[in-house]
Each structure stands twice: as C-alpha cells, then as structure tokens.
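The next block holds one structure in the form of structure tokens; read it before the comments.
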Amino acid sequence: MNISITQNGTETTVALEGRLDTSTAPELEAKLDTIPDDVMALNFDFGELRYVSSAGLRLLLASQKKMNSRGGKMVIRKPNEFIMEVFEATGFSDILTIENA
C-alpha cells in the first residue's frame, strides 16, 4: 500500500493506494501516530484504495474516536463501490462522514 500524507495548517489528508488490510494497517497506524495533536480535520482519500479489511475498519474507528475527542472531524473521500458495501454492511456508513465526490 502507498500512503501519502499532506498537511495544510490544522488539516491533514491521507491518500491511500492499494489494500488496507492486516498486513498494511500497522504501517498506516504508525504514520497516523505522527500526525500532530493540533490537527482538527483528518481527510482520508480512498480514490485509489481497492480493499479494506476488518483491521482497516478498526483503524478508521480509532481515528474517528481520536478526532471526536479533539472536537475535530474526519472525512472519508471517494470510496469505491466495494468499500461502500463494506461500510454499509458493518454500519460504518452511519458513523463515518463519507463524501463520494
């Protein structure tokens, strides 16, 4: 998986390419741990992400909780049809902010 992180003030965008699964989630978690505590907007660009497993979902949930505790927001952008089906089947579509454009 390729991970690209861009920061603009208190906003961070994490672009993912490939698969977010058991083997790649620890790498993403380590990179997310380097994001400064003053970030108030965390955006995940899923435009090039093909797959997400339960390990990826756990990481997204932890990130959402962290942003909520700061009073910030987290947005998932451009998930593909398969990932949207996973979000809907697991109820994540009800707790995550998802933008398709």
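The values are calculated or read from the model by the stated rules, or taken from the named source; none is laboratory data. Just so you know, these numbers come straight off a predicted model, no measurement behind them. All Cβ positions, even for glycine, are placed from backbone atoms using ideal geometry, and neighbour counts span all protein chains on display. All accessible areas refer to the heavy atoms of the entire protein, side chains included, with ligands and DNA or RNA removed. Shrake-Rupley method; radii C 1.70, N 1.55, O 1.52, S 1.80 Å.
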Determine which lysines satisfy two conditions relative to LYS65: a Cα distance under 19 Å, and not lying fewer than 8 residues away in the same chain.
LYS31, LYS73
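Suppose every Lys and Arg Cβ carries +1 and every Asp and Glu Cβ carries -1, with no other charges. What dipole size does the stretch 25-85 come out with about its Cα centre, to the nearest 20 debye?
Values: 9 positive and 9 negative charges, 41 e Å.
Result for the stretch 25-85 is approximately 200 debye, rounded to the nearest 20.
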Gaussian network model of the chain, Cα springs within a sub-10 Å range: biggest mean-square fluctuation belongs to which of GLY18, GLY91, GLY47?
GLY91
The farthest towards the positive end of the charge dipole of the chain, of the residues SER54, ASN2, ALA41, given +1 on Cβ of Lys and Arg and -1 on Cβ of Asp and Glu, is ALA41
Solvent-accessible area per residue for the chain at a 1.4 Å probe radius, Å²?
54
Candidates for Rg and Dmax of the Cα atoms in Å are (1) 12.4, 35; (2) 16.5, 61; (3) 15.0, 43, and the calculated one carries label (1)
All aspartates and glutamates inside 17 Å of LYS66 as judged from Cα atoms, apart from same-chain residues fewer than 8 positions distant:
GLU11, GLU29, ASP33, ASP37, ASP38
Let me check against my output: what whole-number percent is the relative contact order of the chain, with C-alpha pairs under 8 Å and at least 6 apart?
26
